[in-house]
Every structure is written in C-alpha cells, then in structure tokens.
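Have a look at the structure below, then the notes.
The values are calculated or read from the model by the stated rules, or taken from the named source; none is laboratory data. Please read these numbers as outputs of a predicted model, since none were measured by experiment. When we count neighbours, we look across all protein chains shown, and the Cβ atoms used for this are built from the backbone with ideal geometry, even at glycine. For accessibility, only protein heavy atoms count, side chains too; no ligands or nucleic acids. Shrake-Rupley method; radii C 1.70, N 1.55, O 1.52, S 1.80 Å.
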Amino acid sequence: MTAPPPAEEVVRICQELIRFDTSNFGDNEGPGERAAAEYTAALLDEAGLSPEVFESSPGRASVVARLEGEDPSAGALVVHGHLDVVPAQRQDWSVDPFAAEEKDGLIWGRGAVDMKDMDAMILSVVRHLARTGTRPKRDLVVAFFADEEAGGRYGAQWAVDNRPELFDGATEAISEVGGFSS
C-alpha cells in the first residue's frame, strides 16, 4: 500500500487534532495535552521515526522526534508547534469548537488557525519525508509542545531546561511566528 501524499492526509490530521480538547486555562488545570501528544507520537512512529513523549506535570505532554539529515555537520533545524489551545466557550461558537466540522470549504474549530493546522502540516510533511526515505540536508527536530498559550512553562521552557539533549546541534528554530537563531 502506498502512503498518501501530504496534501491528502493534512485535513484528516488537522481535524483529528482539533477533536482533542487541549484547552489551556493558564493555571495548569484542564484536560492537558497528553491524548493529543500520544496521537501525534503514533503518527510519527507509524512513519518510522522514534518520537519521545514526556510530561512536565501530569497531563502536560510534549512530543519530540528527529529526522536525520544528510549532513551531520550542518546545524539541526527545530520545527515546532504547540498542542494546547485557548479555551473555547461553546455558547460563543456557531459550531462545536471541538468537532472540526468542514463548513464552506474550511475546517472550523478551536485550533484550526492556532495552531493545530500547522501541526498537521508539519506532521504530514515529516511523515512523507520519513516514509519516502527523503533526507533533508540537515537534521530536523520536530517538536509539539504543551502550554504555549500560557507562556510555555510546562512545554518548551521545561523541555529546554530538562531535556536539552533533544535539541543537540540545533542552530535555528521555526514555528508560527517565523524563525529564530540561537
């Protein structure tokens, strides 16, 4: 069976991510990101990568995997997203914010723009690269963090402080707001 190209699976992945209520209330309460992180890790694993899921606090889970590049001397690129979303009050929505309905040619739901859409794009492209054996010039470190919506304390900050080896050799990072050099 041939794996679908990224454009054919990105909508499904986005909808499935939206269906996980990962509301972040800013006080370390709420559903957390664990279920979405496990789903994300399973997609990466299915494509042949070795993702790592880790928690900074119960339920506050992040995922990191590395796709080896052709040139080990080239600095790795971190491509990252976040799995949490700001809370959604059902009464404020014309659709269920966690149903991921397709309406008027668009996917509607909490996270459809920030940032489960980009998470789905990252996942579909990285899965395609891994499944086809396509190696980028440099390593790609893909990360899907908890807690971006409330400052990153339980996500990116925790990962860098406690698991810096996951980012060994990384010289740049890119996400929803563009790229940064470190």
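Some observations on this one:
- Of all residues in the stretch 112-122, those being open to solvent by less than 30 Å² (accessible area, probe 1.4 Å) and without any contact (Cβ under 8 Å) to a residue 60 or more places away in the chain number 1.
- The stretch 2-23, subset among the charged types (D, E, K, R) and in a loop (DSSP other than H, G, I, E, B), residue least open to solvent (accessible area, probe 1.4 Å): 21
- Residues of the stretch 123-182 that are assigned to a strand (DSSP E or B) and either closer than 16 Å to residue 43 by Cα or in contact (Cβ under 8 Å) with a residue 24 or more places away in the chain (or both): 140, 141, 142, 143, 144, 145, 170, 171, 172, 173, 174, 175.
- Residue within the stretch 36-43 that is touching a Lys or Arg at 6+ places or on another chain (Cβ under 8 Å) and in contact (Cβ under 8 Å) with a residue 40 or more places away in the chain present: yes
- Residue list for the stretch 35-80, filter: closer than 15 Å to residue 130 by Cα, acidic (Asp, Glu) and either part of a loop (DSSP other than H, G, I, E, B) or open to solvent by less than 20 Å² (accessible area, probe 1.4 Å) (or both): 68, 70
- When the residues of the stretch 94-108 are filtered to those that are touching a residue at least 12 places away in the same chain (Cβ under 8 Å) and either among the hydrophobic types (A, V, I, L, M, F, W, C) or touching a strand residue (DSSP E or B) at 6+ places or on another chain (Cβ under 7 Å) (or both), the one that is most open to solvent (accessible area, probe 1.4 Å) is 108.
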